1. Pull out a ≥ b ≥ c, the square roots of the eigenvalues of the alpha-carbon gyration tensor of the stretch B:1-151, then state rounded if a/c is under 1.5, prolate if not and a/b is larger than b/c, and oblate in the remaining case.
2. Give me D for chain B in µm² s⁻¹, whole number, from Stokes-Einstein with Rh from the Kirkwood sum over alpha-carbon pairs, 37 °C and 0.692 mPa s.
3. Answer rounded, prolate or oblate for chain A, using the Cα gyration tensor with square roots of eigenvalues a ≥ b ≥ c: rounded when a/c is under 1.5, else prolate when a/b is larger than b/c, else oblate.
4. Enumerate the calculated ³J(HN,Hα) couplings along the stretch C:50-65 in order (Karplus 6.51 cos²θ - 1.76 cosθ + 1.60, θ = phi - 60°), each rounded to whole Hz, writing x wherever the residue is Gly or Pro.
5. For helix C:12-41, report the angle its Cα long axis makes with the longest principal axis of the Cα atoms of chain C; keep it between 0 and 90° and round to the nearest 10°.
6. When you count, for each residue, the other Cβ atoms within 10 Å and take the mean per peptide, how do B:128-140, B:236-248 rank with the highest first?
7. For peptide A:131-142, what's the mean number of Cβ atoms from other chains within 10 Å of each residue's Cβ?
8. Over chain A, calculate the relative contact order: mean separation of alpha carbon pairs under 8 Å at least 6 apart, over the residue count, as a percent.
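No value in this document is a laboratory result; all are computed from the given coordinates. Just so you know, these numbers come straight off a predicted model, no measurement behind them. Heads up, the Cβs are rebuilt from the backbone with ideal geometry, glycines too, and the neighbour counts pull from every protein chain shown.
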Amino acid sequence: MLVTLHVRLLAWIALFLTALPVSALASGEVVTAAVAANFTKTIEEIGARFTEETGHTIRFSSGPSGKLYAQIRNGAPFDLFFSADTEKPELLAAEGRADTPFVYARGRLALYSPDLPVREGWQQVLEEAGFRHLAIANPRTAPYGAAALEVLTSLGALERVEPKFVQGESIAHAFQFVATGNAALGFVALSQLVDPAGPVFGKGEFWLVPEDLHSPIDQAAVVLERGRASPAALAFMDYMRSPRAREIIERYGYSIP
Amino acid sequence: MLRGQLTLRAGDFLLDSGEFEIETTGVTALFGRSGSGKSLLLRAMAGLDPQTRGHLHFGTERWQDGRWRLPASCRDIGFVFQDAALFPHLDVRGNLDYARRRAPGVTVASMVAIAEEVGIAHRLDQDVGSLSGGERQRVAIARALVSRPRLLFMDEPLSALDWGAKAELLGLIETLAASTGVPILYITHAPLEVERLATRVVFMAEGRIERVETLRDALARPDSPLFDEEGPVSVFEGELGAPGDFGLLPFNTPGARLWLVGTPGRKPGAARLRILARDVALALDAPGRASILNQLAVTVEHIEPESGGRVTVVCRLGDGQRLLAQITAWSAHTLALAPGMAAFALIKSVALVD
Amino acid sequence: MIELFGASISLEPIWLTLQVAAVTTVILLLLGTPLAWWLARTRTRWRVVIEAIVALPLVLPPTVLGFYLLIVLNPNGAVTQFLRGFGFEGQLTFSFTGLVIGSVLYSLPFAVQPLMHAFESLSERLLDAAATLRAGTLDRFFSVVVPLSRRGFLTAATLSFAHTVGEFGVVLMVGGNIPGQTRMVSIAIFDHVESLAYTEAHVLSAMMLVFSLVVLTLVYGLNRRFGVKVG
């Protein structure tokens with residue numbers, strides 16, 4: 001009596017254990033992608049569509065590109081890498097850790113202020129430089145920061161406003177400085193302003209910086225060593241080029257080259 | 001004179017002294033079982049606890065009035081704690097100096113004199129951690145005296161000491177009380193310490209002051225809380241004389257002379273004598289030839305009701321001092337003892353209090 | 001700027017870091033001592049709440065604290081407006097003052113907790129004894145509490161200093177990375193890592209590591225030597 005009970009219990013446990021991975025595998029492969037923090041929200045929406053259409057699961061690990069790069073070089077288990085710049089994917093490719101990079105999105109720079117009339121009067125605002133702080137992303141580490149520096153140089157305003165710089169470590173950080181009112185204005189990403197769920201949506205005003213004032217803020221992606229053998233990873237990379245994905249990317253404030 | 005009424009809550013325990021008036025001359029013992037609130041009352045009187053309520057006057061000075069409290073640091077008091085409470089970061093001299101620098105007009109010379117009197121002059125440069133229990137307590141006493149207190153509080157200063165150190169310190173405190181003239185409030189639960197030191201006893205029970213009376217009155221009650229399993233005790237104050245023939249020592253009190261044997265080395269002078277009531281027998285006629293040395297003429301003052309086949313008879317000596325005798329109820333009945341009768345007390349044994 | 005192991009290292013962040021840490025430590029000792037004393041002695045049931053608040057920086061991610069500071073200290077916020085009433089013209093964020101405020105909050109438990117433990121282990125009797133020897137409240141504090149809590153003070157000062165030197169999240173958030181004003185060592189290291197200047201990052205990190213090790217060793221050594229014997 002006791003024995004049969006045990007056998008039955010074991011059978012249930014065995015069934016339960018085998019059922020778990022089966023159910024996970026049934027819907028397809030699992031892909032892990034490292035994503036630059038600023039692009040997380042966009043790619044999650046694309047990923048959800050991708051899963052709907054293909055049944056493959058895609059997981060995103062987001063963080064600053066530099067950190068992700070260091071992790072990849074030190075053996076982090078990622079299949080794909082979506083960087084916030086082109087430099088790091090190119091380095092990985094040159095090191096043989098990744099395939100050829102492709103530009104999946106181009107960031108748009110905007111000068112945003114909650115109070116100052118920057119949409120029409122950006123020129124005057126920058127010339128007078130009557131504000132206390134102008135937020136930019138760190139030009140040494142963030143492409144948006146480097147682009148902002150180029151814009152100010154080509155406008156001839158750099159010398160006047162440089163002493164007013166406060167640097168965020170990322171574009172998200174620079175955006176926080178402005179959004180919390182600690183800096184009067186700042187060069188931020190268009191994607192941060194057009195997000196309906198964002199904190200400044202519909203508040204203040206911005207000047208969308210023409211793309212010819214700075215070198216393109218290209219964001220490149222690569223298939224990493226680990227992803228080469230994964231059909232699902234390659235499929236997602238293809239999906240990123242699809243009209244459906246492009247539509248989402250553009251809606252989030254990026255352009256596509 | 002300490003006059004007032006104090007309340008203080010500590011956890012579940014409530015001290016509620018009731019109105020009291022305590023003469024502050026000589027040594028006043030605070031006596032009661034552990035947990036009767038002695039320490040709490042002393043802390044409240046010293047002003048050490050901010051939760052204290054009620055009122056308190058020292059002479060004409062107001063020390064406590066409702067929530068208002070004169071800080072302990074402004075009361076010119078000394079306090080000797082059970083555990084000495086010496087400052088561990090200072091040596092012996094540093095501890096005494098701590099008191100000296102805060103007491104107006106106390107010189108280093110007088111500080112050293114106190115150290116000598118208390119018997120710790122040779123330890124001045126030692127770390128307090130290297131002292132024995134008795135020495136620590138001596139330093140604590142010296143420190144309190146250096147600050148020139150008008151009233152000295154002592155919270156069971158001997159309870160943590162071994163028998164030898166206890167006896168030594170008891171003698172020291174007795175001497176100091178006489179030589180310095182500082183009134184002392186002394187907590188103890190040892191009847192012997194009370195009988196040795198006190199002129200007055202404050203009895204405490206369950207957080208209340210039950211009564212304040214002189215030691216003599218306290219001992220005249222056969223139900224006195226001071227009496228332990230040995231039963232009622234009488235204590236006589238008097239003078240010890242020089243030893244005579246057969247090693248007999250005379251002890252003179254105003255109303256009588258008693259004889260002691262077998263206390264070698266005891267110096268003549270003021271002393272207290274202790275007599276157990278059960279060692280006292282009564283006779284109506286003067287005994288003829290008998291071996292009992294000490295025979296005193298007394299008057300029966302009062303007879304306590306019988307308990308366990310025995311009665312305690314309160315007798316009065318010529319000078320008003322009281323002597324308790326414990327005899328069988330049957331003897332009392334056969335002798336037909338009654339208040340006012342003259343009798344002879346036959347004392348089988350007497351002992352000095354020390 | 002100095003050259004070290006082939007990396008050019010700016011000394012400015014190091015100097016700034018030491019200044020912020022020193023000022024923070026002094027403020028924390030002045031502020032933390034009464035707070036720790038109150039916490040160690042009070043019988044109010046609010047004590048646990050205050051204790052929890054003081055300990056918050058231990059569990060809160062520093063960037064969270066930094067983010068809230070960014071909101072609380074912003075130029076239109078109540079704090080800045082309040083200071084404006086006293087003629088304050090500057091801005092709290094992106095300034096030395098802001099860094100110090102952030103560091104003080106962030107390192108608060110590191111100052112308060114050692115002090116609190118030191119005060120708690122102090123025998124109440126000794127304070128009573130001092131009171132009966134005519135020592136008033138302040139007198140008691142300086143003549144009994146301070147000498148008997150030396151270890152606590154030493155530990156509090158060291159931990160506050162070292163923790164401020166190593167802090168990153170808060171200064172990252174409220175600092176703004178202004179060279180010479182708010183760029184501290186930890187931010188400089190982060191910059192080097194992010195811009196793939198690994199040599200500079202290594203040199204600076206090694207300098208911090210050695211510095212911290214030296215300071216801690218020194219403190220533990222002093223602690224051992226001047227430790228208070230309680231007999």
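1. Numbers: a/c = 2.23, a/b = 1.75, b/c = 1.28.
It is prolate, given that a/c is not under 1.5 and a/b is the larger ratio.
2. Values: Rh = 22.3 Å.
Taking Rh from Cα pairs, D becomes 147 µm²/s.
3. In terms of gyration-tensor shape, prolate.
4. 4, 4, 5, 5, 4, 7, 3, x, 5, 9, 6, x, x, 5, 5, 4
5. 20 degrees
6. Listed from highest to lowest mean packing, they are B:128-140, B:236-248.
7. 3
8. Relative contact order for chain A comes out at 27 percent.
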